[in-house]
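One structure is given here, and the rest of the page talks about it.
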Amino acid sequence: MKQLRAIRGMNDLLPDQSPVWQYVETTLSELFGRYGYSEIRTPYLEATQLFSRAVGEATDIVEKEMYTFDDKSGDSVTLRPEGTAGTVRAAIQNNLLNQPQRLWYFGPMFRYERPQKGRLRQFHQFGVEVFGIAGPDIDAEILVMTARLWRQLGIADNLRLQINSLGDSASRAAYRAALVDYLSERREQLDEDSQRRLERNPLRILDSKNDRTQELLQAAPCLLDFLDRESAAHFADLRRLLDAAGVEYEINPRLVRGLDYYGKTVFEWVTNCLGAQGTVCAGGRYDGLVEQMGGKPVAAVGFGLGVERLVLMLETLQALPESLHQQVDAYLVVAGEVQSAALAAAEKLRDELPWLRLQTHCGGGSLKSQMKKADKSGADYALIIGQDEAATGRVTVKDLRSGEPQQTLALAELPALLQS
Ligand code: ATP
Ligand code: MG
């Protein structure tokens, strides 16, 4: 039979990589916990309508990136391409929005894109969504929190924060009209994608990757000149809070974000160490979405963080802790027909040293071959149980790093040695 392969753009996470992901997952979930955020898990599969309504018909995601199919009852369903829509649906459906909520999630997202470095078809996001807090204090909190994350991971020097304000929907509409006027007069100078967007979603032209289009935009009307009073005050307050907290940022008036639901604050954390896929974390305020999805009007702000891109960054910058790839502390060598004594000793050690990662050799073999495996396992110690040790309730310990001579100890003496 022809060998079966994974679907393009959907990766396996292999054992030598999983410690890196566990490190990232633990660091992020603990950090969110320290700020009082709770985890939410929503289904991977949702009604297609959820995304066309929440994300917006005229977005890249809904126009061309969704994995959509009919299930057996003929209903159109979609593998989630992002996490906000499902979180909003769950929050409305389960009456979570009677009080402020600080939520985070982690999991796979699915987008039919051209796979390349930092761009997959199944990728993973951490996300944060906060509901019921309208002021800039919470925008500042999530930015301060992400800034702390970069410091904790040791990559703060390689990430820049860009912020912008999209204003309210009236100021956005006024700006859209001015932008369309300006660009329509120069239509033939726009790239093909941007020409199409001119009707469908003109603001997206601002983040076109085309150089000529970007040049054309230099003299275009500026979004920040169109801000309504409230959004301008919100933006000014946010900047003051970030200044006071010592979080550096650049104002990027072209920053719009690809999804329809954003208004007021938007932001991206960008790196230049990943080539074209430089945005690691992106989000903003989406005060209108909950009501648009059938809930009460509830203010909301959040972000999504691409884990593959973060992992690539950590690897590129060699910012991973050295101990990460050590999976076991000790390797138990079973020399001869002493399996039951070895099993008992191993369980006793696990009772007494819950932190100890102890791998017991299984499958027999000579002492020499087992010692080789102990070495290869990355363990600090080989613990050897042979006939003598089994008979006397002792264990021989070899320090695999120091090369010191091995010693034979009573099982009860082992914890003190391994703890040292
Ligand atoms: P891009 O402009 O790179 O396509 P986006 O605006 O579509 O990004 P968002 O929808 O804001 O991305 O998703 C948030 C984050 O998720 C991105 O900043 C990125 O880190 C990550 N991400 C998005 N799409 C992918 C993908 N196909 N593969 C890997 N990571 C992704
Ligand atoms: Mg995209």
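Stretch GLU25-ASP211 to full length: gain in nm at 0.36 nm per residue minus the Cα-Cα span?
Result: 63.3 nm gained on full extension.
Top mean-square fluctuation among LYS64, LYS117, LYS398, Gaussian network model of the chain, C-alpha springs under 10 Å?
In this elastic network of the chain, the residue with the biggest mean-square fluctuation among LYS64, LYS117, LYS398 is LYS398.
Once both labels are modelled 7 Å past Cα along the beta-carbon direction, what's the LYS72-SER184 spacing in nm?
A separation of 5.2 nm, rounded to one decimal place.
Rounding to the nearest 20 debye, state how big the charge dipole of region 266-345 is about its Cα centre with +1 on each Lys and Arg Cβ and -1 on each Asp and Glu Cβ.
320
For the pair THR408 and ASP16, how long in nm is the line joining their label points, each one 7 Å along Cα→Cβ?
So the two model labels end up 3.8 nm from each other.
What does the highest-first list of 271-277, 220-226 look like by mean Cβ count within 10 Å?
Packing order, densest peptide first, comes out as 220-226, 271-277.
Starting from region 1-106, pick out the chymotrypsin sites (Phe, Trp or Tyr not before Pro) whose DSSP state is loop and whose Cβ has at most 16 other Cβ atoms within 10 Å.
Listed in order of number, the matching sites are TYR35, TYR44.
So how much slack lies between SER366 and GLN387, counting 0.36 nm per residue of separation and subtracting their Cα-Cα distance, in nm?
Result: 6.2 nm gained on full extension.
Just the Cα atoms of the chain: what Rg and Dmax do they give in Å?
That works out to 27.5, 92 Å for Rg and Dmax.
Over all directions, how big on average is the projection of the convex hull of the alpha-carbon atoms in region 85-156, in square nanometres?
Quarter of the Cα hull surface area: 6.6 nm².
Quick check on my link table: of LYS2/LYS372; LYS117/LYS296; LYS348/LYS372, which ones sit more than 31 Å apart, alpha carbon to alpha carbon?
In this structure, LYS2/LYS372; LYS117/LYS296 exceed 31 Å between Cα atoms.
Largest first and in whole Å, give the semi-axes of region 326-419's equivalent ellipsoid, each being the square root of 5 times a Cα gyration tensor eigenvalue.
16, 16, 13
Return the Cα extents of region 36-90 along principal axes one, two and three, sorted largest first, each rounded to a whole Å.
39, 27, 14
Write out the GluC sites (Glu not before Pro) in region 227-328 meeting two conditions: DSSP loop, and at most 12 other Cβ atoms within 10 Å of their Cβ.
Answer by residue number: GLU248.
Per-residue ellipticity at 222 nm for the chain, helices alone: DSSP H runs ≥ 4 residues times -39500 (n - 2.57), over residue total, nearest 500 deg cm²/dmol?
Computed mean residue ellipticity for the chain: -11000 deg cm²/dmol.
Please give every one of the aspartates and glutamates within straight-line cross-link reach of LYS368, meaning a C-alpha to C-alpha distance under 20 Å, and leave out same-chain neighbours fewer than 8 residues apart.
ASP329, GLU337, ASP380, ASP388, GLU389, ASP399, GLU404
In Å², and per residue, what accessible area does the chain have when probed at 1.4 Å with the other protein chains present?
50
Over the chain, what relative contact order in percent results from Cα pairs under 8 Å that are six or more residues apart?
15
So which chymotrypsin sites (Phe, Trp or Tyr not before Pro) in region 279-381 pass both tests, a DSSP loop state and at most 12 other Cβ atoms within 10 Å of the Cβ?
The qualifying sites are TRP355.
Note the full-extension length gain between ALA276 and CYS222 as 0.36 nm times their separation in residues minus their Cα-Cα distance, in nm to one decimal.
Value of the extension gain: 17.0 nm.
Please get the size of the charge dipole for region 326-419, origin at its Cα centre, with Cβ charges of +1 on Lys and Arg and -1 on Asp and Glu, quoted in debye to the nearest 20.
Dipole size: approximately 340 debye.
Mean-square fluctuation check for the chain, GNM, Cα pairs under 10 Å: which of ARG285, ARG357, ARG204 is largest?
Maximum among the listed residues: ARG357.
Please state the equivalent ellipsoid semi-axes for region 140-248: what are the square roots of 5 times the Cα gyration tensor eigenvalues, largest first, in whole Å?
The answer is 31, 19, 10 Å, longest axis first.
Could you give the size of the charge dipole of region 165-234 about its Cα centre, using +1 on the Cβ of each K and R and -1 on the Cβ of each D and E, expressed in debye and rounded to the nearest 20?
140
Which residue, SER340, SER169, SER18, tops the fluctuation ranking in a GNM of the chain built on C-alpha contacts under 10 Å?
SER340
The values are calculated or read from the model by the stated rules, or taken from the named source; none is laboratory data. Keep in mind the model is a prediction, meaning the values are calculated, not measured. When we count neighbours, we look across all protein chains shown, and the Cβ atoms used for this are built from the backbone with ideal geometry, even at glycine. The accessibility values were calculated without ligands, DNA or RNA, using every heavy atom of the protein model including side chains. Shrake-Rupley method; radii C 1.70, N 1.55, O 1.52, S 1.80 Å.
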